[in-house]
Amino acid sequence: MIYLTRRVEFSAAHTLYNPDMSPEENEQCFGKCGNPKGHGHNYVLEITVKGEIDKKTGFFINVDTLKQIIRAEVVDVLDHRFINVEIDYFKKNVPTCENMAMWVWSRLESKLENCSLHRVRLYETRNNYVEYYGDAGEEIR
Ligand code: NI
């Protein structure tokens, strides 16, 4: 088994606000990150896939193919969007880095051929990132 990682960047706005909680609860839980007007991040996403090398080509997935899948399924969907407002899943689920990483996994998982997803790593800031290995067992639709 060998692992390949592709890194992409996108910019998006979000707010950490749960409409099912009262404004006071939100304030207490999320503080300034819960400003309903939103704030932006320059996200960095690293997608790691794993597979067995094809003897003929020397790789298991063409990097350009992987790049196109990530672009179509994630970057084109999130880039320059207000995530809470424009992405259906995040109208009901708080767009934390954690939930976003799981959502990314669900978008990519079924699109890969000859390899499988190993890790989704999403940086919200230079110093904070989340990693997801597909083991939460939750259905994201
Ligand atoms: Ni934020």
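A few remarks follow.
- Nearest-0.05 FRET efficiency for Arg6 and Thr57, computed from C-beta distance (R0 30 Å): 0.95
- For region 1-79, the gyration tensor built on C-alpha atoms gives a prolate shape. Its axis ratio a/c (a ≥ b ≥ c) is at least 1.5, and a/b is the larger of a/b and b/c.
- One decimal place: the segment Lys32-Asp20 gains 2.5 nm when fully extended, by the rule 0.36 nm per residue minus the C-alpha distance.
- Order by protection proxy (mean Cβ within 10 Å, highest first), peptides 128-136, 43-51, 67-75: 43-51, 67-75, 128-136
- Non-local lysine pairs in the chain, meaning eight or more places apart or on different chains, with alpha-carbon distances under 20 Å, amount to 7.
- Whole-Hz couplings from phi, Karplus 6.51/-1.76/1.60, listed for region 88-99; x for Gly and Pro: 3, 4, 8, 6, 10, 10, 4, x, 6, 4, 4, 5
- What separates the Cα centres of region 95-141 and region 3-65 is a distance of 7 Å.
- Local net charge near Asn18, Cβ-Cβ under 15 Å (Lys/Arg +1, Asp/Glu -1): -3
- ³J(HN,Hα), Karplus 6.51/-1.76/1.60, whole Hz, each residue of region 65-73, x for Gly, Pro: 5, 4, 4, 5, 5, 5, 4, 5, 8
- Radius of gyration, Dmax [the chain; alpha carbons; angstrom]: 16.4, 61
- Residue-averaged [θ]222 nm for the chain, counting only DSSP H segments that reach four residues, each worth -39500 (n - 2.57): -7000 deg cm²/dmol
- Environment charge of Lys111, counting only residues whose C-beta is closer than 12 Å and scoring Lys/Arg +1, Asp/Glu -1: -1
- When you count the other C-beta atoms within 10 angstrom of each residue and take the mean per peptide, 31-40, 3-12 line up highest first as 3-12, 31-40.
All of the numbers you see were taken from the coordinates with simple rules; none came from a lab. On a predicted model such as this, the values are computed, not experimentally measured, just so you know. Positions of Cβ are generated from backbone atoms using ideal geometry, with glycine treated the same way; all protein chains shown enter the neighbour counts.
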